[in-house]
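K.L.:
Supplied in structure tokens, the structure appears directly below.
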Amino acid sequence: MLSAKSAEVIEATLPAVGAAIGDITPRFYDRLFAAHPELLRDLFNRGNQANGTQRQALAGSIATFATALLAHPDQRPDAMLARIAHKHVSVGIADDQYEIVHEHLFAAIVEVLGEAVTPEVAAAWDEVYWLMANALIAVEDRLRAEAAAGGDPADLWRPYTVVTRYQETDSVTSYLVRPADGHPVPTSRPGQYVSVRTELPDGARQIRQYSLSGGADGALRFTVKREAGGEVSGHLQDHLRTGDTVELSAPMGDVFLAEGDGPVLLASAGIGNTPMTAMLDHLAATGSTRRIVSVHGDRDQLSHAFRADLEQLTAKLPNATAHVFYEQPLGEWPAERTGLVNLASVEIPAGTTAYLCGPLPFLRAVREQLLTAGVPAADIHYEVFGPDLWLGA
Ligand SMILES: Cc1cc2nc3c(=O)[nH]c(=O)nc-3n(C[C@H](O)[C@H](O)[C@H](O)COP(=O)(O)OP(=O)(O)OC[C@H]3O[C@@H](n4cnc5c(N)ncnc54)[C@H](O)[C@@H]3O)c2cc1C
Ligand code: HEM
């Protein structure tokens with residue numbers, strides 16, 4: 001798909017662009033938000049902007065895309081783009097906003113690289129940008145069409161009423177919500193998330209993602225852990241009460257439990273067990289006879305949200321086992337289950353498909369342990385509760 005002429009130029013300039021990308025992205029975002037302050041207030045996650053993680057994600061993805069195009073010029077790496085496309089749809093990116101991002105990104109590139117950006121170099125990177133943008137637009141249009149085909153209203157944001165609020169632990173709260181617009185709950189796959197849009201005290205409408213942690217009888221459940229210094233998680237916990245209305249996007253996310261009858265491993269740490277709880281819930285509700293190994297790591301019994309759900313759901317499933325690790329267990333606890341998650345003592349059946357969710361060090365360690373145990377990389381799926389920095393890819 002990338003023309004031979006552009007491929008040559010990209011190959012020659014990728015190292016220089018790659019090295020400068022750390023300078024290009026802050027200038028790009030400064031330009032973008034100076035021209036469109038509403039994007040920082042009401043679309044981008046300003047927590048991620050402040051701590052820099054989203055900036056790295058964008059830069060990382062363009063470099064990865066260019067590298068993939070050079071390695072396989074005839075293929076469009078749609079799979080790699082799925083995560084970004086799901087996120088874009090869930091926050092409400094419109095196709096015409098790609099022009100705006102293009103304008104400010106290329107102005108930032110010229111600002112940083114100066115005369116090195118000859119017309120030939122600009123044309124080659126333009127081609128890469130639009131290949132990536134058009135690939136994203138195609139996937140995003142398809143995702144929106146699929147959501148609409150399910151009979152959901154065309155509006156991305158729908159109002160929901162909180163029917164139950166439940167304190168899982170000191171810092172974790174679950175919300176069971178039902179559509180307030182009279183339409184049925186949208187279809188979702190176990191493991192997917194919704195975006196939650198919240199008006200903050202300064203009037204900004206900030207968006208965050210929360211994995212669905214279950215739900216039944218026309219209701220969805222999502223679960224929020226209070227993040228130290230976090231704007232939205234704290235605001236939700238302090239203000240969102242039973243009877244209140246909250247705006248949610250359609251369920252999105254490319255990491256979800258695949259149908260089938262092969263063995264499944266669900267591994268999580270901390271609040272990373274929200275999508276795993278939805279998957280286990282689904283397996284139990286459908287009477288699954290699959291071999292299921294759940295592994296979870298937490299600080300101790302009190303910080304472990306969904307402890308009872310894990311026990312009850314595992315007991316309902318005929319071929320399921322659960323292995324819980326605590327770093328600082330309270331009271332009696334087996335020595336081999338004390339400390340960080342370690343799969344060495346956990347039997348992993350041949351043909352296992354693994355789903356992982358937790359902090360990056362956990363994901364890296366568990367992925368490594370699974371690879372060592374012989375699970376192919378293609379069978380290891382992971383969700384990250386922040387921008388994916390492509391570290392595990
Ligand atoms: C796909 C997905 C699924 C998710 N599922 C869940 C879930 O099920 N449950 C859940 O609890 N969370 C989930 N999350 C995380 C959630 O979306 C939020 O990121 C989380 O709640 C924190 O948001 P916040 O607004 O409270 O924090 P933010 O305000 O966004 O802050 C995030 C971090 O940045 C730091 N920060 C903020 N401002 C600055 C600054 N000026 N300088 C330096 N650092 C700063 C904060 O201290 C904090 O550590 C998920 C995320 C994704 C992407
Ligand atoms: C080719 C162009 C683009 C690329 C390569 C790109 C890349 C990315 C990446 C890598 C992420 C992080 C995904 C993750 O969670 O792992 C992301 C998220 C996001 N993108 Fe884009 N994007 C592009 C275009 C756009 C456009 C046109 C907009 C709209 C103005 C936009 C707005 C956002 C927003 C709001 C998020 C979520 C931000 C957050 O939660 O902090 N992007 N994008």
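K.L.:
Taking all pairs of distinct Cα atoms, average 1/r, flip it, and tell me the Kirkwood hydrodynamic radius of the chain in Å to one decimal place.
P.N.:
Working: mean 1/r = 0.0444 Å⁻¹.
Kirkwood radius, the chain: 22.5 Å.
K.L.:
Give me the three principal axis extents of the stretch 238-298 from the C-alpha atoms, as integers in angstrom, largest value leading.
P.N.:
Computed over the Cα atoms, the extents are 41, 27, 22 Å.
K.L.:
Determine, for S249, S211, the number of other Cβ atoms within 10 Å of each Cβ, and report the residues in order from fewest to most. Don't jump to the answer; show the numbers that get you there.
P.N.:
Details: S249 22, S211 26.
Final ranking by Cβ density, sparse to dense: S249, S211.
K.L.:
Distance between Cα centroids, the stretch 23-58 to the stretch 60-97: provide it in whole Å.
P.N.:
18 Å
K.L.:
Please list the equivalent ellipsoid semi-axes of the stretch 160-248, computed as the square roots of five times the alpha-carbon gyration tensor eigenvalues, in descending order and whole angstrom. Let's see the in-between values first.
P.N.:
Details: eigenvalues 80, 44, 31 Å².
Taking √(5λ) for each Cα gyration eigenvalue gives 20, 15, 12 Å.
K.L.:
Quick one: what does P(r) look like for the stretch 276-336 with 5 Å bins over all Cα pairs, in whole %?
P.N.:
Result, from short to long distances: 4, 18, 30, 20, 14, 10, 4, 0 percent.
K.L.:
Tell me, S61, S268 in order of fewest to most beta-carbon neighbours within 10 Å?
P.N.:
Details: S61 20, S268 27.
Listed from fewest to most nearby Cβ atoms, that is S61, S268.
K.L.:
State, to one decimal in nm², a quarter of the convex hull surface area for the C-alpha atoms of the stretch 84-199, i.e. the direction-averaged projected area. Don't skip to the end; give the middle numbers.
P.N.:
Values: hull surface 42.7 nm².
For the Cα atoms of the stretch 84-199, the hull's average projected area reads 10.7 nm².
K.L.:
Please give the helix 360-372 orientation as an angle from the longest Cα principal axis of the chain, in degrees from 0 to 90, rounded to the nearest 10.
P.N.:
80 degrees
K.L.:
Kindly state, to the nearest 0.05, the FRET efficiency for L200 paired with E327, given R0 = 30 Å and r defined as their beta-carbon distance. If you can, show how the numbers build up before the last one.
P.N.:
Values: r = 33 Å, r/R0 = 1.11.
The value I calculate is 0.35.
K.L.:
Still on this model: Take the stretch 1-155, compute every pairwise Cα distance, and split them into 5 Å bins from 0; I just need the percent in each bin.
P.N.:
Cα pair-distance distribution for the stretch 1-155, in percent: 1, 8, 17, 21, 21, 15, 10, 4, 2, 1, 0.
K.L.:
Dipole magnitude of the chain about its Cα centre, charges +1 at Lys/Arg Cβ and -1 at Asp/Glu Cβ only, in debye to the nearest 20? Provide the component values of the computation, followed by the final result.
P.N.:
On the way: 30 positive and 49 negative charges, 179 e Å.
Charge dipole of the chain: 860 debye, to the nearest 20.
K.L.:
How are the alpha carbon pair distances in the stretch 279-383 distributed across 5 Å bins from zero to the largest one, expressed in percent?
P.N.:
2, 11, 21, 24, 22, 15, 4, 0
K.L.:
Work out the FRET efficiency for R337 and L302 from their Cβ-Cβ distance, taking R0 = 25 Å, and round it to the nearest 0.05.
P.N.:
Working from the Cβ atoms, E equals 0.95.
K.L.:
List the residues, sorted by chain then number, that are 5 or more residues from Y382 or on another chain and whose placed amide H is less than 5 Å from its amide H.
P.N.:
L356
K.L.:
With loop defined by DSSP as not H, G, I, E or B, and exposure as at most 16 other Cβ atoms within 10 Å, which is the longest segment of the chain clear of exposed GluC sites (Glu not before Pro)? Walk me through the numbers on the way to the answer.
P.N.:
Values: sites that count: E227, E259, E327, E332, E347.
With GluC sites (Glu not before Pro) excluded where exposed in loops, the chain gives 1-226 as its longest stretch.
K.L.:
Now a separate question. Given Cα pairs under 8 Å that are at least 6 residues apart, what percent is the relative contact order of the chain?
P.N.:
Dividing the mean separation by the residue count of the chain yields 15 percent.
K.L.:
Evaluate the Debye formula for the stretch 69-123 with equal point scatterers sitting on the alpha carbons, no solvent, and hand back log10 of I(q)/I(0) at q = 0.20, 0.25, 0.27 Å⁻¹, in q order, two decimals.
P.N.:
So the normalised log intensities work out to -0.98, -1.00, -0.99.
K.L.:
To continue, here is another question. Name the residue from P73, V110, L330 whose Cα lies farthest towards the positive end of the charge dipole of the chain, charges +1 on Cβ of Lys and Arg and -1 on Cβ of Asp and Glu.
P.N.:
My answer, from the dipole projection, is L330.
K.L.:
In nm², what is the average projected area of the convex hull enclosing the Cα atoms of the stretch 198-243? Please list the in-between numbers first.
P.N.:
Values: hull surface 15.8 nm².
Averaged projected area of the stretch 198-243's Cα convex hull equals 4.0 nm².
None of the figures in this text is laboratory data; all of them are computed from the coordinates on show. Bear in mind the structure is a predicted one, so any value in this text is a computation, not a measurement. Don't worry about glycine lacking a Cβ; one is built from the backbone with ideal geometry, like all the others, and counts go over all protein chains shown.
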